1. Under a straight-distance cross-link criterion of Cα-Cα below 16 Å, which aspartates and glutamates are reachable from B:LYS105, leaving out those fewer than 8 residues away in the same chain?
2. Return the FRET efficiency for the residue pair B:THR231, A:ASP362: r is the Cβ-Cβ distance, R0 is 45 Å, and the value is rounded to the nearest 0.05.
3. In cubic angstrom, how much convex hull volume per residue do the alpha carbon atoms of the range A:71-161 span?
4. What figure in square angstrom, to the nearest 10, would you give for the accessible area of B:SER386 with a 1.4 Å probe?
5. Order the peptides A:281-294, B:303-316 from the highest to the lowest mean number of other Cβ atoms within 10 Å of their residues.
6. Averaged across B:248-260, how many Cβ atoms of other chains sit within 10 Å of each residue's Cβ atom?
7. For A:VAL84, enumerate residues with amide H under 5 Å from its amide H, sequence gap 5+ or separate chain, H modeled in the peptide plane.
8. For A:ASP114, which sequence-distant residues (separation of 5 or more, or a different chain) have an amide H within less than 5 Å of its own amide H, given hydrogens modelled in the peptide plane?
Amino acid sequence: MSVRRAILIIAFLLQAPPVSAHRLNEYLQATTIAFEKDHVELRLRLTPGVDVAQKVLADIDANGDGTISKAEQRAYAEQVIDDVSLAIDGHAARLRLVSSFFPTVEEMKQGMGDIALAFEAVMPPGSTTHRLTFENHHRSDIAVYLVNCLQPRDPAIHIVGQDRNYDQSSYQLDFALGAPPTSQAPVGASAAQQGLERPEALPLIVTFFWHGVRHIVTGYDHLLFIAALVLGAATLWDLVKVVTAFTLAHSITLTLAALNLVHAPEGVVEPLISASIVFVAVQNIVAPDHSRGWSRLAVAFFFGLFHGLGFAGGLLDILHQMPRETILLAILGFSFGIEAGNQMVLLPLVGLLAAVRRSRPDAAGRTRLSLAIQRIGSASVSMAGMYYLCIALAANS
Amino acid sequence: MLLALGSALTIAALCGGVGGAGTRPGIGTDAATDSQTQAIVAAATDFLNALNADQRGKVLFAFTPQKTATAARFRRSGSGGPGDHRQGPGGGPGMGPPGGFVGEKYGSAVWSNFPVSDVPRPGLQLGGLNAVQRAAAMHVLRVMLSPEGYQKVLDIMGSDQALSDRGTPFASGRAVYTIGIFGTPSISTPWMVQFGGHHLGLNVVIASNHDVLAPTLTGAQPSVYTSNGSTVRVLAGENDKAFALLDALDDTQRKQAILNYRVNDLVLGPGHDGETIVPEGLKASAMTAQQRVLLLDLISEWAGIINDAYAKPRMEEIEAGLDDTYFAWSGPTTHKPGRNGSSYYRIQGPKLIIEFSPQGVGGDPTMHVHTIYRDPTNDYGRAFTSQ
C-alpha cells in the first residue's frame, strides 16, 4: 500500500458519517407469563429494530433464500428454547412450542416485523408456594427484554411477589396454589426480592460492559477525540501517558455524575466535547510542539473530565434508581466497556500509523511523514469536530 | 402549590365536587348523558347523510359484541401512500407464513399504532371525502369528545402530518386517518365509532347513556413540531402532570413507585385485550390527598378525552377504585423543559390501565411516544353490550 493511499484511508476513516450519534439498535423481546390450571404459558413477542433486522434474519433465514420456511421457523423456535430457561422450584421445566407466527423477510428488513412464539410448561403438583424463575438470554447483544405476569384467571392461583433484574433478562415470581396465603406480602416488594437483592455481579458488569462499548462505537465524538490524541503522540510512551490522563479524568467525572454527586447540563457538556476535538486537532496542526508533554497531558485530563460527563449521560439514560452497590458494578462494567471500545479504535490506528512511519527508511523522511500525517489527519478530525460543534450549538439554540 | 390548587379545581370540576365550574348547572348526570348521546347520534347521522350510497357501504359495518378482541396480524398490502414498499419475493397472497404488523381486531373493527398502509383500518379515509363530508366527519369527533380531547386528536394528526411532510415510506398525514361506524347510530342499541391512523386508535362505544372510550391509543412522532409558526408539544399534559406527581412524592414513596428495571415498550398495546398484569409500583392508598389529586388529574388526560358528560361518571368510577390504583415509573426522573421525558410510566387500577411509553428504538425517545388507555372490565363497552 502506498503511503499516500494509507493517509487517504486514515483521513477517510476519520471523517465520521453524518448520522446521528448514539443510535439504538435493539431487538425487543416481550414475554408474558400466563397461569392456567395445570400449565403455565410463556408468550414471546419478538420485534427486531430496523438496524438489527439483518442480524436476526441471518439467524432465521439460515439458507438466505429470502423466505422463512416452516423448517426454519421450527429451528428458530428451538434456538429460542435453548436461549431461555424456565424453572419451577429450581427444576428446569420443559418448554413445548404451542404456536408461532413469523413475518415476511421484507417486513423484518424494515424493522416492522413481529415474531410471536408461545410455549407451554407443566405446573408442579401440590398446593404449597412455588417459585418460578425465567431467564432470557436470546441475542443478549442486541436485546431489550420485557417480562410480565398476567393476573391469573383461576382464583386458586395467587401471585405472592415478583422481581426482576435491571434489564429484565432474569425474573422471579413467587406464587401459591390453593387457599390464599395468610399474610399476603404487598406485590412488588416481596419475598422474591430477597433472591435478587444481592445482584449477581458478573452478568451485571457484562451487561453494562456492552452498553459501554456500544456507547463508544456509536458515538463518533469520543472516538474523534481519541484519534486526535493518537495523532499528536510521537511515541508509544507518549500515547500511554496521554490516554491514562484521559481515562483517569473521565472515570472521575463518570463516577461522580453516575452517583449523582455532580451534575452538568447537556447543553454545556456536548458543545465542550465537540470543542475539545477541534482544540486538540488544531493544536496538532498549528503547535505540534504542544501536542506532547505536560501541556498535552493537562489538555487530555481537562477535556477528559467533560467526556466523562458525556459518558455519564449515556449511562444515566439506562441506569436509574438502582441500589448503590449495583450502580458501582454498573459503572465498573460501563467504564471497562468504554475502555474496550476506545482500544478497538486506538490500537489499530496506532499500529497503522507506526507501519506507515516505518515505511520510510531515513530518519528525516520519517519525521516529515509523521508531521504530514499528524497535520492531514488532524485537519480531518477538526473538520468533523466542527461539524459536531455546530450540531451541539444548534441543539442549544 | 398553585399547580396543586389548579389540579384540584380541575378534578373537582370533572368529578362534580364543585357545582357549576365545568359542569352543566341544573342538568343531572342522566339528562346530560342522554342529551349527549342524542347529539352524537345526530352528528353521526348527518355524516352518513352527507355520503353517497357507495361511501356509506364502505363506512358502515355491523357491530357484533365479542368476548375478547384478538391480535390481528397484517402483511403489507401495497395499498399505502407514496413510496410504499411492495412485498418481496415469497410474500404474495397465500404464500409464506402469516404474521407481520399487529393490530387489535374487535369484530370487523381494527386499530393499531402502525400506519394505515401496514394495518388497514376499516372505513373511509379523510382524504377521500369532499370538504362537506370531511367537516361532517370531524363534527362527529367534536361532539363526541371534550374540547381538550378533540384538540389532542388534532395535535396527533398534525404530528403525523409533520412526519409525512418530511417523507415516509408508509402512508402518513391527515388524509389517511380513517373513520368507521359499526352498527347504526342509535340512542338505545349499542354502536361504535372508530377513528384512527398512525399513533391514534380511538374506539368509542355508545350504549344508551354510556360512552366508553377504552381501549384507546394515543401517541406522537415527532412529539414536538411547528405548525403555523407556533410550537406544538403533543401529549404535553400526559408528560408534565406525571412529572408533577413524581416530584410530589417523598423518598419512601418514590422508592416504591420507581421500578428497579427498565421498561422499553407498551406491555398492553394492541393485541393484549383482556390481559391484566400483576400490578406494581406505589399504591394510591399510600398517597396524600394532594398526590391523589395529581394522580386523578393525570388520569383525566385520557379519561377526559371523551365529552365531559361521560368523562364525569368515568372519573367517579376511577376515583372509587383509587385506593387500589398503582403508579409505577421507569426511567429518568427529570425531563428537559419544552420536551417530553424519556421515562415510561403505568397507572393500573381495578378499572383502568394507562401506559406512557417513549419509543427509543432507532431514534430519540423524547420525540416518539405511544400510550394506551384500557378498562379491563369494560373495553369496547363490554359491560353494557354483553348479552
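The values are calculated or read from the model by the stated rules, or taken from the named source; none is laboratory data. The shown structure was predicted, so the numbers you read here are calculated from the model rather than taken from an experiment. Glycine gets a Cβ as well: all are built from the backbone with ideal geometry, and neighbour counts include every protein chain shown. Accessible surface is based on the protein model in full, side chains and every heavy atom, while ligands, DNA and RNA are left aside. Shrake-Rupley method; radii C 1.70, N 1.55, O 1.52, S 1.80 Å.
1. Of all the aspartates and glutamates, those that pass the test against B:LYS105 - Cα under 16 Å, at least 8 places apart if same chain - are B:ASP118, B:ASP273, B:GLU275, B:ASP379.
2. Details: r = 63 Å, r/R0 = 1.41.
The pair B:THR231/A:ASP362 has a calculated efficiency of 0.10.
3. Working: hull volume 12.2 nm³, N = 91.
Cα convex hull per residue, to the nearest whole number: 134 Å³.
4. 80 Å²
5. Working: A:281-294: 17.2, B:303-316: 22.7.
By packing density, highest mean first, the sequence is B:303-316, A:281-294.
6. Details: counts 0, 0, 0, 0, 0, 0, 1, 2, 3, 2, 3, 6, 13.
Rounded to a whole number, the mean comes out at 2.
7. Placed amide hydrogens put A:HIS137 under 5 Å from A:VAL84.
8. HN-HN under 5 Å from A:ASP114: B:GLY100.
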